[in-house]
1. Residues of segment 169-197 being touching a helix residue (DSSP H, G or I) at 6+ places or on another chain (Cβ under 6 Å), aliphatic (A, V, I, L, M) and within 21 Å of N20 (Cα to Cα), which ones?
2. Give just the number: which of (1) surrounded by fewer than 21 Cβ atoms within 10 Å (Cβ to Cβ); (2) at pLDDT 95 or above; (3) within 23 Å of S31 (Cα to Cα) does L131 not satisfy?
3. Just to be sure before I move on: is L185 modelled with pLDDT under 95 and more than 21 Å from K58 (Cβ to Cβ) in the structure I sent?
4. Output the number of the condition that I137 fails; it satisfies all remaining conditions of (1) of a type in the set (A, V, I, L, M); (2) free of Cβ contacts under 8 Å to residues at least 24 places away in the same chain; (3) assigned to a helix (DSSP H, G or I); (4) open to solvent by 60 Å² or more (accessible area, probe 1.4 Å).
5. Which condition does D87 not pass, out of (1) charged (D, E, K, R); (2) part of a helix (DSSP H, G or I); (3) open to solvent by 50 Å² or more (accessible area, probe 1.4 Å), if it passes all the others?
6. Tally time: how many residues in segment 18-47 are without any contact (Cβ under 8 Å) to a residue 24 or more places away in the chain, assigned to a helix (DSSP H, G or I) and of a type outside the set (A, V, I, L, M, F, W, C)?
7. Could you please find all residues in segment 7-17 being surrounded by fewer than 17 Cβ atoms within 10 Å (Cβ to Cβ) and either touching a strand residue (DSSP E or B) at 6+ places or on another chain (Cβ under 7 Å) or touching a residue at least 12 places away in the same chain (Cβ under 8 Å) (or both)?
8. Pull up segment 154-168, narrow it to residues that are at pLDDT 95 or above and open to solvent by 70 Å² or more (accessible area, probe 1.4 Å), then point me to the one that is nearest to the chain's Cα centre (by Cα).
Amino acid sequence: MISTSEIRAALDGSWLLLRNQSQGMNYFDQSTQGFWRSFLVIFLLAPVFLVSALAEKKLLISENVILSEVFPENTYWLAQFLSLGIDWVMLPLVLAMLAGPIGISRQYVPFIVVRNWTSLLASVPYLATGLLYLMGIIPSGIMVLLSFTCLIVVLWYRFLIARIALQASASLAIGIVFLDILISLIIGELAGRLWAV
């Protein structure tokens, strides 16, 4: 299991990276064991995922995209969990194949470690937005606007992480972030088709 000291160190490092301070890299275990352990962060992200999925479900029903009485509950949750798992490992798999050709082989492990751990800090705005919406404090329009704002901030954060962890040029960092978004969009679209059938 992940220890509280690991979580604390990762959050400290994540905060430094958000402030564009490269010394934040020193807070992460960049060994091979640390690489594999970083994938366990998905379990820490589960509550955020659950809140986001519940908020999406509420939005779909409130906007009359689908009626609550015919909502495909089981298929929806199956698609959501499948997409979470696939999305979590797909970028690392794709980058593992591309690492040599694009010249990031030496920085691949540190980047994936940091990418996984910084997802904790990056998830906080989404968690807050989802909870506010589910509690009825903000309407759906504000929730969508805040979610879009969170996305912009997280994309900038992902760009900083790519620049620092990969020691990459701006163009390569943008390319990595774009690849990450593209993969997530494709997986999200396929998941949506699965439960909407």
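The values are calculated or read from the model by the stated rules, or taken from the named source; none is laboratory data. None of these values were measured; they are calculated from a predicted model. Glycine also receives a Cβ, built like all others from the backbone with ideal geometry; neighbour counts cover every protein chain displayed. SASA here: full protein model, heavy atoms, side chains in, ligands and nucleic acids out. Shrake-Rupley method; radii C 1.70, N 1.55, O 1.52, S 1.80 Å.
1. Residues satisfying the conditions are A173, I176, V177.
2. (3)
3. On the way: modelled with pLDDT under 95: yes; more than 21 Å from K58 (Cβ to Cβ): yes.
So L185 passes the test.
4. Failed condition: (3).
5. Of the numbered conditions (1) charged (D, E, K, R); (2) part of a helix (DSSP H, G or I); (3) open to solvent by 50 Å² or more (accessible area, probe 1.4 Å), the odd one out for D87 is (3).
6. 4
7. I7, A9, L11, D12, W15
8. W156
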